[in-house]
Every structure is written in C-alpha cells, then in structure tokens.
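Inspection log for the structure reproduced underneath, given as structure tokens.
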Amino acid sequence: MQNEAFKELRLNCCYLAFDVKVDDLAAAVKAIGALGLGGANVTIPHKERVLDYLDEVEEQARLIGAVNTIVCRGGRLIGYNTDAPGFLESLRADAGFDPGGSHVVILGAGGAARAVAYALALGGVESMGIFNRNLSRAEALARDISRSAACKVEAGDLKGVAISRALARADLLVNATSAGMHPHTDEVPLSDLAALRPGLIVYDLIYNPTKTRLLLEAEARGCRVFNGIGMLVYQGALAFELWTGQKAPVAVMRAAAEKALGNVKKEESV
Ligand code: NAP
C-alpha cells in the first residue's frame, strides 16, 4: 500500500517490514535515526512501550497511550497515533457517519479499542459502552475515557444484560476484539445476536476475513456493515502524509491493500 503510494507520487522511497523482538525495541528505534530513515510504523506488540524511546510524542498519541507512526525530523523521533483519526475518517468516508451526539458500543479493551474509544470520545459521542471479556480491562479504559471526555461511559463484560441494553439504543457497534479473525473465523464476540437490529452500523476492525461471522450475522439482520480495511487504509494515508508532507493517493492505497489481502486469502486457501 505504501510502496504503491510512493510510486504514484514518484517519490524515491520504499517501505520495508522488520520483525523486531520485544527485547530489541530500544535498539531498533535508535536505528531509525542512526540509519537516516524518514520514519516508521509500529505495530503489535510495541505500540505502547515505544513511547519510552521517542524524543517527542504528539498530544493525542500521549492521551491514547499508543504510537503507531514515527517521523524522524531533524534527527528527532516524534511519535503519532494515526489509528484514531484513521478510524474516524473511515467512519465518515465509508459509512457517512458523524459520531457527534451518538450512542456507541465498543467490544474489546486492547490497543485498538483504546484508539477507537478515544477517537469516538473526542469526536463528541453522547454515550459509550465498553464491553470486554476481561471486565477489569474494560473498566480501566472506561475510567481513562471519562477523565478526558464529557461523554457518559459504562463498562461491562461480553455476556451480561448491560450490553443488550446498550445495544438497544446504539447507533454504532464497533468490534475491536480479535474474535473472528483468521484462523478463528467461527468466533463471534457478541452472544446476544438478537440485539443486532436494522439500521445499526456494525464496524468490525478485522479485515481478514473480509466479512467476519459477526458482520455476516449483522448483515442478515439488516445492519449496515463495514470491515477494517477502511481504517487500515486511512491510518496508512495519514502516516504517508506525516512522512512526506504530500497528499496521500488514497484510492491507489486502497486498491493495493485490497489486492494484497486478496492474495493473502488465495494463499490461505491453498
Ligand atoms: P490486543 O491489544 O491484543 O487486544 C485484543 C482484544 O481482543 C482484547 O480486548 C481481548 O480481550 C479481545 N479478545 C481476544 N480474543 C477474544 C475472544 N476469543 N473473545 C472475546 N474477546 C477476545 O489487540 P488489538 O491491537 O487491540 O487488535 C484487536 C483487533 O483489531 C485485531 O483483530 C486487529 O487485527 C484489529 N486491528 C485492526 C486495525 C485496522 O486498521 N483495521 C488496526 C488495529 C487493530 P481480553 O482483554 O479479555 O483478552
């Protein structure tokens, strides 16, 4: 996706993946400056710990507590979080949804759920339910959100009655758990499927498979469904703009991401 974008804008850059072990994180981050790289993306499991090794962390990334994009500027390493605005941009562009004044339910309390919860809270939602398999993680995230935003926040587990009650008035349900992701495609994070009703927007951060069981069940009940490819593309587009200072060719990036994911699916079915 990034390499196609560089090619499209005729930029003499390339994007490479490095598998960095937890114990090597400090050395790997230091090497970004030493090697004169323009920047980097950071992914699972380094997004939170990487903050300790940067010269500067932008305000929203610090609030979320996670960095997924590093820019090297004048020898200084600056951390950003493009997952949160990337998710919001996908909601607006793909689903035509503005979170202002809405009621939302988030499943999960890991790194992605944190970015989504902050994005929605700062986007002006009126109420937010955070439901997670591990209740104490949901409660901790709910506490963090209520310290930084004015919306009403509740926390619960994935099985209680609270989740059904919250879904009855929700405009948007976001799955930010990894339940349903390849190869566990039979898993569904929600037990009360009857709570999925026509008109509800269901956004699953997972993009492999392209439609999780949750999205298939939601679609069969008349919900509007979206997978995580939009968030993947928009967080990448925002990172591209931070690195290059140029407008990202979003359509080219989306086509490249969809092609690459199509190839992954073909390999998995062999
Ligand atoms: P993470 O920090 O490891 O968190 C995983 C979350 O999933 C936790 O809330 C965990 O609950 C929950 N979970 C795992 N297995 C479950 C199961 N069988 N049933 C119910 N809940 C389960 O991972 P993450 O970084 O937040 O990523 C979560 C998902 O978002 C992944 O599928 C990832 O691919 C996707 N994602 C997509 C994008 C995008 O651009 N589209 C960006 C980031 C992440 P416990 O706390 O109880 O363990």
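Counting residues in the range 9-25 that are within 22 Å of Ala256 (Cα to Cα) and not in a loop (DSSP other than H, G, I, E, B) gives zero.
Determine whether Ser136 is surrounded by 15 or more Cβ atoms within 10 Å (Cβ to Cβ) and more than 13 Å from the chain's Cα centre (by Cα).
Working: surrounded by 15 or more Cβ atoms within 10 Å (Cβ to Cβ): no; more than 13 Å from the chain's Cα centre (by Cα): yes.
Answer is no for this residue.
Which residue out of Tyr53, Tyr80 is free of Cβ contacts under 8 Å to residues at least 60 places away in the same chain and of a type in the set (Phe, Trp, Tyr)? Full working, then the answer.
Details: Tyr80 fails: free of Cβ contacts under 8 Å to residues at least 60 places away in the same chain.
Criteria check complete, one pass: Tyr53.
Of the residues making up the range 107-122, none is free of Cβ contacts under 8 Å to residues at least 60 places away in the same chain and over 18 Å from the mean Cα position of the chain (by Cα).
Residues being part of a loop (DSSP other than H, G, I, E, B), in contact (Cβ under 8 Å) with a residue 60 or more places away in the chain and either crowded, with 20+ Cβ neighbours inside 10 Å or in contact with a Leu (Cβ under 7 Å, 6 or more places away or on another chain) (or both) are entirely absent from the range 39-46. For the range 193-224, residues that are touching a Ser or Thr at 6+ places or on another chain (Cβ under 7 Å) and away from the ligand (no atom under 14 Å from the Cβ) total 1.
Could you please let me know if Ala93 is closer than 30 Å to Leu190 by Cα and either in contact with a helix residue (DSSP H, G or I) (Cβ under 8 Å, 6 or more places away or on another chain) or at pLDDT below 95 (or both)? Yes, satisfied. Counting only residues that are surrounded by 19 or more Cβ atoms within 10 Å (Cβ to Cβ) and without any contact (Cβ under 8 Å) to a residue 40 or more places away in the chain, which one in the range 196-212 is nearest to Cys72 (Cα to Cα)? My answer is Ile206.
Within the range 165-187, restricting attention to residues that are within 12 Å of the ligand (Cβ to nearest atom) and touching a Gly at 6+ places or on another chain (Cβ under 6 Å), the residue that is farthest from Met231 (Cα to Cα) is Glu187. Of all the residues in the range 93-110, those that are farther than 18 Å from Arg133 by Cα and either surrounded by fewer than 22 Cβ atoms within 10 Å (Cβ to Cβ) or within 14 Å of the ligand (Cβ to nearest atom) (or both) number 10.
The values are calculated or read from the model by the stated rules, or taken from the named source; none is laboratory data. Since this is a predicted model, take the numbers as computed values, not measurements. Note that we place each Cβ from the backbone using ideal geometry, even for glycine, and neighbour counts take in every protein chain shown.
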